[in-house]
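The values are calculated or read from the model by the stated rules, or taken from the named source; none is laboratory data. Fair warning: this is a prediction, and the values are worked out from it, not measured in the lab. Cβ placement follows ideal geometry from the backbone for every residue including glycine, while neighbour counts extend to all protein chains displayed. In case anyone asks, the SASA skips ligands and DNA or RNA and just uses the protein heavy atoms, side chains included. Shrake-Rupley method; radii C 1.70, N 1.55, O 1.52, S 1.80 Å.
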There are 2 protein chains.
Amino acid sequence: MNEPVGFIGLGVMGRPMALNLLKAGFPLVVHSRSRGPVDALVAAGARAEASPAGVARQTEVIVTMLPDSPDVQLVLAGPAGVFGAVRPGAVIVDMSTISPAVARDLAVQASELGATLLDAPVSGGEIGAINGTLSIMVGGDAAALERVRPILNAMGNAERVTHIGGSGAGQVCKACNQIAIGGSLAVVGELFALAWKTGVDPAKVREALLGGFAASRVLEVHGERILTHNYRPGFRAGLYQKDLRIALDTARAHNVPMPVSAVVQQLVNAMIAAGRADEDYSALATVLFDLAGVRHE
Amino acid sequence: MNEPVGFIGLGVMGRPMALNLLKAGFPLVVHSRSRGPVDALVAAGARAEASPAGVARQTEVIVTMLPDSPDVQLVLAGPAGVFGAVRPGAVIVDMSTISPAVARDLAVQASELGATLLDAPVSGGEIGAINGTLSIMVGGDAAALERVRPILNAMGNAERVTHIGGSGAGQVCKACNQIAIGGSLAVVGELFALAWKTGVDPAKVREALLGGFAASRVLEVHGERILTHNYRPGFRAGLYQKDLRIALDTARAHNVPMPVSAVVQQLVNAMIAAGRADEDYSALATVLFDLAGVRHE
């Protein structure tokens, strides 16, 4: 029989991830701020706890999936938090996308309590969470990762559960991931605008480019979204703004100039200003279309 | 027996492309400014002509592969140029990367002489030229493309000879290709710098990112070059600077704001300023490493 797993944070991502753990046969002890998702998980077989500490008291492995750094700090180190009740030897797997510096700080606090914290942010969005095909980028103790690997494999693609390095390395990798996507996304918007305004079919351009060095998943997947004006998330622009903030804050803290990502951040700010926070982040292209006077709805 | 083909411009790209035409059994009439490559092609079975007009007088299909817009204007419309001797019904295939506006203008001039000009720039670099695996993006008359398709297939990947649209559309597509690569290349440099300065192994980051939405040929191929400090061309940075100028000039002419590509252009200027014009354009990352104080040689 599988060991019981704690799961804290049942939002758009956490809820399907927790359901996949149940499906894989892991008894689940859950906690979340909202009542609805907790009820849904209890209906599916999970046991609910009223606080993060209550979850920590009953489990050796605790997964957290929360929106931002302060949420993780509160759930772990706040009142009735995990750290107040964590068992020695427990492994906390924070799958949220948060600041690498905060992840490192929390890992130090966990180790002082005899527990281990892994940062294990994911890529793949809501679809990946539902299908259990997330990529998972792990920072922290390698032995702890091996212990929880079966649990991660139930939520992600086993071949894409990657140990990147020490504490915080998973979060750095996630920041790198968001930087890579942002630059590619922005130039796809720029080149589609250029094609449209010069009277060239952007679908033909996309097709030709996918056969060469310009090929990317962003051009393939998000390029298709942009051409069909399909901005249903996917991955909400508001969350992408948060992820880019983390990436650029980390760059600032380490004096890494990122001029292209800085421009991408401004374009993301414009996308949010245009009221698109709840659309898919590929709507970034619409900012460039608006600037170029390209009609796109 | 195949019809004779004219080939003008036997540089780093033109020479192996012409050799592939010879290998495929096309009798070749060649012209180039430098004596050396002409001698090499003659030794391989081609006939040399002293002027572009001399080439045009003897062939129904004329391929040009030259560095920049003024070179193509001179070879076609200049003294002893192709236009002075072109046969009615001839097809001129300009495979150089030049301004879409110049390509359209030359196509109009060709049609006034009863000939057809296709713009057919390539992607794939020297390796693609040598191996005959270039991607070819074609603008202009579709029937003319069908007539010369066997010739293009001898130089490129038959599945990647794509008709994009009317005159100039091939050049617009090539500009889009260079924009897409530039944005991706710049952010790969940024994220590698971020990884290095935060103590994370960029090779692990690259590996993890290649499994998800951040995957791109640039991260795969140029990422590998950057990690191994291998900046042998490939594709010379000086030529990439020229291609980006064409892209941004075209954007300006059509009032398309391209803020990310504008930053990429500045980074390319810095790469050339650092004395790297003859290195591969993936050396763009070194500009970001220098800015971040990352040692990288």
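Points to keep in mind about this one:
- Unique match (being in contact (Cβ under 8 Å) with a residue 60 or more places away in the chain and touching a helix residue (DSSP H, G or I) at 6+ places or on another chain (Cβ under 9 Å)) among B:140, B:156, B:183: B:183
- Within region B:143-160, if we keep just the residues that are open to solvent by 10 Å² or more (accessible area, probe 1.4 Å) and either under 14 Å from the mean Cα position of the chain (by Cα) or not aliphatic (A, V, I, L, M) (or both), the residue that is nearest to the other protein chains (Cβ to nearest Cβ) turns out to be B:160.
- Selection within region B:77-100 - open to solvent by 40 Å² or more (accessible area, probe 1.4 Å), among the hydrophobic types (A, V, I, L, M, F, W, C) and not in a loop (DSSP other than H, G, I, E, B): B:77
- Within region B:107-142, being more than 14 Å from chain A (Cβ to nearest Cβ), among the small types (Gly, Ala, Ser) and touching a Pro at 6+ places or on another chain (Cβ under 6 Å) holds for one residue alone: B:114.
- The single condition among (1) assigned to a helix (DSSP H, G or I); (2) surrounded by fewer than 24 Cβ atoms within 10 Å (Cβ to Cβ); (3) small (Gly, Ala, Ser) that residue A:103 does not meet is (2).
- Which listed residue is touching a residue at least 60 places away in the same chain (Cβ under 8 Å) and touching an Asp or Glu at 6+ places or on another chain (Cβ under 7 Å), from A:13, A:17: A:13
- Residue list for region A:1-55, restricted to those being farther than 22 Å from residue A:79 by Cα and more than 23 Å from the chain's Cα centre (by Cα): A:1, A:2, A:3, A:4, A:25, A:27, A:39, A:42, A:43, A:44, A:45, A:46
- Condition met for residue B:184 (among the polar types (S, T, N, Q), within 12 Å of chain A (Cβ to nearest Cβ), open to solvent by less than 20 Å² (accessible area, probe 1.4 Å) and touching a strand residue (DSSP E or B) at 6+ places or on another chain (Cβ under 7 Å)): yes
- Taking first residues from region A:250-265 that are facing chain B (nearest Cβ under 7 Å) and partners that are open to solvent by 30 Å² or more (accessible area, probe 1.4 Å) and polar (S, T, N, Q), no Cβ contact under 6 Å between residues at least 6 apart in sequence or on separate chains turns up.
- Qualifying positions in region A:106-131 - part of a helix (DSSP H, G or I), in contact with a Phe, Trp or Tyr (Cβ under 8 Å, 6 or more places away or on another chain) and more than 22 Å from residue A:233 (Cβ to Cβ): A:109, A:110
- For region A:132-153, the set of residues classified as not in a helix (DSSP H, G or I) and not polar (S, T, N, Q) consists of A:132, A:134, A:136, A:137, A:138, A:139, A:140, A:141, listed by residue number.
- Remark: pairs (first residue in region A:192-210, within 18 Å of residue B:248 (Cβ to Cβ) and facing chain B (nearest Cβ under 7 Å); second residue part of a loop (DSSP other than H, G, I, E, B) and of a type in the set (Phe, Trp, Tyr); Cβ separation under 7 Å; 6+ apart in sequence or on different chains) are absent.
- Those residues of region B:266-277 which are more than 19 Å from residue B:246 (Cα to Cα) and in contact (Cβ under 8 Å) with a residue 40 or more places away in the chain, in sequence order: B:276
- Just one of the listed residues (A:236, A:217, A:232, A:245) is within 7 Å of chain B (Cβ to nearest Cβ) and within 18 Å of the chain's Cα centre (by Cα), and it is A:217.
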